[in-house]
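The values are calculated or read from the model by the stated rules, or taken from the named source; none is laboratory data. A quick note: this is a predicted structure, and the numbers were derived from the prediction, not measured. Note that each Cβ is placed from the backbone with ideal geometry, even for glycine, and that neighbours are counted across all protein chains shown.
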């Protein structure tokens, strides 16, 4: 639900705010991608992952680059998708899906880290997971909310924290994708909006021309 509210700020519900009688804009207004809660959480996941990988993985381990790149791809594709949505809803959907897949890969890397070292994984209803969930309700989401945990707690805690945060982010992205797909079905892409705008403009011009012609005929009748 929060993602829907933030998504509204980002312009995805632009059609509800237009005045009656005003033509539908070809390009819906867009807001700052940083208002998306999914982007904020993905950025925090990147900040945590960057520190985690360099601190707890062995130097030279290829997993370091893999985890950091997955985290980076998650946040960057949300950013690029939001910007691309100005002209192409399909591109926004594709890039947001890439972000979702990248974060799923990152999630699996954290699970592998815990499993391979026989470290505990928190149950989603555990006290620890519920605490992280409460932290996740703070807005805006920034690394500072989690800094003390990341810098002072052991690797297992940080990995579980990241897992919880990625789950939250993926949930928001799933909601975001549902909304984007609904908007695409209702509004279509840029080409469809341009076609509708041209047809509306032609109809409007035709109506004005017809009204002008009718008015001219009316004045001629009065003169007679």
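Some notes on this structure:
- Meets criteria (part of a loop (DSSP other than H, G, I, E, B), modelled with pLDDT of 85 or more and surrounded by fewer than 22 Cβ atoms within 10 Å (Cβ to Cβ)) for residue 31: no
Residue-by-condition table, conditions (1) in a helix (DSSP H, G or I); (2) in contact with a helix residue (DSSP H, G or I) (Cβ under 9 Å, 6 or more places away or on another chain); (3) farther than 20 Å from residue 43 by Cβ; (4) at pLDDT 90 or above:
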site	(1), (2), (3), (4)
168	yes, yes, no, yes
171	yes, yes, no, yes
179	yes, yes, yes, yes
191	yes, no, yes, no
194	yes, no, yes, no
198	yes, no, yes, no
205	yes, no, yes, no
216	yes, no, yes, no
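- Residue ID - surrounded by the most Cβ atoms within 10 Å (Cβ to Cβ), chosen from residues in the range 77-88 that are assigned to a helix (DSSP H, G or I) and either under 10 Å from the mean Cα position of the chain (by Cα) or in contact (Cβ under 8 Å) with a residue 12 or more places away in the chain (or both): 78
- Residues located in the range 136-150, provided they are free of Cβ contacts under 8 Å to residues at least 40 places away in the same chain and under 23 Å from residue 68 (Cα atoms): 144, 147, 148, 149
- Breaking point among (1) farther than 19 Å from residue 71 by Cα; (2) exposed (fewer than 14 other Cβ atoms within 10 Å of the Cβ), for residue 126: (2)
- Of all the numbered requirements in (1) in a helix (DSSP H, G or I); (2) more than 21 Å from residue 175 (Cα to Cα); (3) without any contact (Cβ under 8 Å) to a residue 24 or more places away in the chain, residue 123 misses one, and that requirement is (1).
- Considering residues of the range 36-72 that are over 24 Å from the mean Cα position of the chain (by Cα) and not in a helix (DSSP H, G or I) only, the residue nearest to residue 136 (Cα to Cα): 57
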